[in-house]
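Shown next, in structure tokens, is the structure this report addresses.
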Amino acid sequence: MTAARTLWQRVPTPVVDLVLAAVAAVDAWVGMWEHTGAGVALAAVGCVALAFRRRFPLLVFLLTLPIALTQDVAIAVLVALFTLAEGSRNRRLLAGCVALAAVASTAPLPLMDADRTMTLVVFVYGLATAAAPVLFGQLLQAHRDLARRLVEIEEAREHERALHAQAVLARERAQLAREMHDVVSHQVSLIAVQAGALQVAARDADAKEAARTIRSLSVTTLDELRTMVTLLRASGGNATELTPQPTLADLRKLVESSGTHAHLTGELPPTVGTPAQRALYRTVQEALTNVRKHAPGATARVELWQDGDHVGVTVTNTPPTRPSLSLPGSQQGLVGLRERADILRGTLNAGPTTEGGYRVRLRLPLSAD
């Protein structure tokens, strides 16, 4: 089954469309009740239109619909319905197209003096026949959505595992730094002190030289230990002065690498304080992360603005274009942003928009420090 599917996927789409158009043409010619000039012309238009079914699915369906007036079951109509259902999420439109196809297949019966019971039976049969490709197309659409969401979930899990591994490594480095500072540095300091005392007290020249060497090496080792402890604490999160904090200058890179269709507009004055810049950056970071997790396919707009003595940022996203699955989360992101805003005497508002999207808005005093 997998080999057959792989082989089918390798066939160029124009070839597939041309084959379907040819098959539909043969079916229309064989199944046509009467080969009139108008009927043949309409069937030819509908079959040729199948070559463009991927670009104009609704128009192609309408062009193939007259074929249903000339035969019982038209392959061209079923193919057009399947293509429309595979790409459309409008259930009302699909239901209307199914009903329209059933009506088209039933319309010739009154002209043939068929009784009402026969007409009703043919109409129900036409509904069932037209609904089958629509249901199959919707099934394939749901399968693609589920596969896409599974990939996104796996990427999110990989990202969380990487963050967890980094956090564990940071804690281990911080613990190692404490051990080196509290134990190793203390012991080396004692060695240096004892070597200095021995250098002063020793009368033998060789002993003095050995003590001096031990003391010199101990001092050098202490300097290297202090450097290593500083680096370990920085990577462990305890020496923030060695780990540059994000600023407004990093916003554009954040937006471009967020994994969403986001656009940054506006600018802020250079007088914005460093704490305020970090708060603005973290707000945008959290908002875009939520868009990626909870609104797949949505577009986002990041707007920097100034209102008198206040500055802020507004992140607004459109409704998702694909179904979203529930992803695990701490539910603490917005809570932490509000706490950060309160510390800086600002406000943070978040909530859904009337269009079905979501908006996060941070407002801070220009003098926040």
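The values are calculated or read from the model by the stated rules, or taken from the named source; none is laboratory data. None of the values given here were measured: they were computed from a predicted structure. Cβ sites come from the backbone with ideal geometry, for glycine too, and all protein chains shown count toward neighbours.
Some values worked out for this structure:
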| item | result |
| --- | --- |
| Close pairs from the stretch 153-174: first within 24 Å of His294 (Cα to Cα) and surrounded by 12 or more Cβ atoms within 10 Å (Cβ to Cβ), partner at pLDDT below 80 and of a type in the set (A, V, I, L, M), Cβ under 8 Å, at least 6 apart | Ile153/Leu325; Ile153/Leu327; Ala156/Leu327 |
| Matching residues in the stretch 341-354 - criterion: being closer than 13 Å to Val313 by Cβ and either assigned to a strand (DSSP E or B) or among the basic types (Lys, Arg) (or both) | Thr347, Leu348, Asn349, Ala350 |
| Candidate set: the stretch 324-358, residues that are at pLDDT 80 or above, of a type outside the set (D, E, K, R) and within 24 Å of Asp145 (Cα to Cα); chosen: the one surrounded by the fewest Cβ atoms within 10 Å (Cβ to Cβ) | Pro352 |
| Candidates Leu84, Leu65, Leu100, Leu59, filtered to the one that is exposed (fewer than 15 other Cβ atoms within 10 Å of the Cβ), at pLDDT 85 or above and either among the aliphatic types (A, V, I, L, M) or part of a loop (DSSP other than H, G, I, E, B) (or both) | Leu59 |
| Index of the failed condition, Gln71 passing every other in (1) more than 28 Å from the chain's Cα centre (by Cα); (2) in a helix (DSSP H, G or I) | (2) |
